[in-house]
Ligand SMILES: Nc1ncnc2c1ncn2[C@@H]1O[C@H](COP(=O)(O)OP(=O)(O)OP(=O)(O)O)[C@@H](O)[C@H]1O
Ligand SMILES: [Mg+2]
């Protein structure tokens, strides 16, 4: 189990000013063994800082990280280095040693702990098998595609039989198909080897595909945390809604606001909403005509999720009636769109 | 004056000098250059490593005062002109070699002039190593020394070879200059015959040989650097 308690990280601003940047503010998370835990947020939210605090590449300013009862911050340099064999990491840019063959890259962590060359190479061959690249043993990283390089990096991360695998934007440099394959591999490793995986990403699709739980990070704070299915169906924070809806939701700026127009965002959180011709019902039952200014929906599992922006001509009161009506439908959330948004 | 350089008489004289002295001179030039470069690398490489790893955000942060002294020491040595350095180190040369003139004696100022230069070249090579790769090594639990030996140096081998080539060709040039304090080799011949005795033809030939040696070193160095670089796909 990984417990992150009251974690705060403050940086001195890079350009030498006396200002400080609070990259993480009082983060509390508990990650259970064997799970795939997502940490999602926009660029600059503090994801990398958080994951680097887990293996103490970055020392927290305050708070602690406890892995299986061991307080990472209290370890001496040498103990910490030993612990890092159990908490390995893969990266967005793969970070393979470019002057070593793939086999030798996988041997690297084993060399560090003094495993004999023959044993290390034997283990590396097994790992190449696991990641599906047994024929690339003697190839150099530059001769591999991005997806293949990440497989080698995964093999390297597995060499020391870790308990935890930290993935910092591990698929962000890959195309969708390769992303899918790498995510499958991570899922596989999690299942077969029981390794706890912490997946840092800025893409909700990644969380959706492999994570059990997710924490949403915004400006260094965890604004929402829970089961992935719950977050998808009831995104509470605005950060969560931004992430859940594809393309960050429908942009209310798509059309210039007409004189006397009110706008609402209708959020669908399940199949029911899409089965009923809602807009038609609204016109029939209340006599309110709404035009769809933009919509973006998708289905996850058996449910459909998405949102649309409706434009309603008339008074604010009319808009509020429509809002009330639509909100009565199960799994639908309606919010006013500020006109200056 | 120059027209005299190419008379039949001058040719015959030059051929005689070439036959009697050039073999040894080329050998001395190569010998001094390679020896001085090797010794300068032995001193300069670790210093170059320290310049990079000892920084505040390096893999082995060293005290600030130490880094300041190291940097200043290297800069001071680098800014002394070689001609003056040769004279300044005479006492040291005497202490080490036993004499301040001759071929072996010229190795001392060469090493002292070259190692700070090499330290800076090593520094620049090591700085090219992708910091993400160093972070990977740290996250894998590598110690600072493992990072230096297994990551920073191996990853910068092609660049180190290129820079070693620059170093050896520069040292070759300095070694020719050391002809002034009695260092042997092609430099000595060029100075003795060309400068002191106006035998320009001999000087030209010595210079051409120096140019050829530089060219050969450069080609070999470039080949080795390219050959060692596994980042290049199409080989
Ligand atoms: N070493 C540092 N010095 C100063 N500020 C830093 C440092 N590292 C990170 N920061 C700041 O901390 C904040 C969080 O950075 P972090 O890299 O964790 O974000 P992120 O969520 O990983 O973003 P991205 O998706 O772009 O990778 C940013 O404002 C960043 O500028
Ligand atoms: Mg990041």
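Descriptive notes on the structure:
- Structural descriptor for region A:42-94: relative contact order 23 percent, calculated from alpha carbon pairs under 8 angstrom and at least 6 residues apart.
- Normalised contact order of chain B, rounded percent, pairs of Cα under 8 Å and 6 or more residues apart: 26 percent
- Here the extension length gained between residue B:62 and residue B:15 equals 11.1 nm, from 0.36 nm per residue of separation less the Cα-Cα distance.
- Shape call, region A:133-191: gyration tensor on alpha carbons, a/c limit 1.5: oblate
- Taking max minus min of the alpha-carbon positions on each principal axis, chain A gives extents of 80, 49, 36 Å, largest first.
- Sites residue A:336 and residue A:175, calculated FRET efficiency, Cβ-Cβ separation with R0 41 Å, nearest 0.05: 0.60
- Computed from the Cβ-Cβ distance with R0 of 30 Å, the FRET efficiency linking residue A:202 to residue A:61 stands at 0.80.
- Global geometry of region B:39-153, whether rounded, prolate or oblate, following the gyration tensor of its Cα atoms and the 1.5 cut on a/c: prolate
- Taking 7 Å steps out from each Cα toward its Cβ at residue A:256 and residue A:126 produces label points 6.9 nm apart.
- Scaled radius of gyration (Cα, divided by 2.2 N^0.38 Å) that the protein assembly as shown gives: 1.39
- Estimated distance in nm for a label pair at residue A:219 and residue B:198, the labels positioned 7 Å out from Cα along Cα-to-Cβ: 8.6 nm
- Diffusion constant of chain B at 10 °C, which comes from Stokes-Einstein with the Kirkwood Cα-pair radius and 1.306 mPa s, µm²/s: 80 µm²/s
- Residue B:130 paired with residue A:283, simple spin-label distance in nm, labels 7 Å along Cα-to-beta-carbon: 5.7 nm
- Taking a point 7 Å from the Cα of residue A:77 along the Cα-to-Cβ direction, the residues of region B:114-143 with backbone N closer than 13 Å to it are B:142-143.
- Kirkwood hydrodynamic radius over Cα pairs of region B:134-215, then Stokes diffusion coefficient at 20 °C and 1.002 mPa s, in µm²/s: 138 µm²/s
- Inter-centroid distance (Cα atoms) of region A:191-232 relative to region B:76-136, Å: 55 Å
Quick note: the coordinates plus some simple rules give every number you see, no bench work behind them. Predicted, not measured: the structure shown is a model, and the values here were computed from it. With ideal geometry, Cβ positions are generated from the backbone for all residues, glycine too; neighbour counts draw on all protein chains shown.
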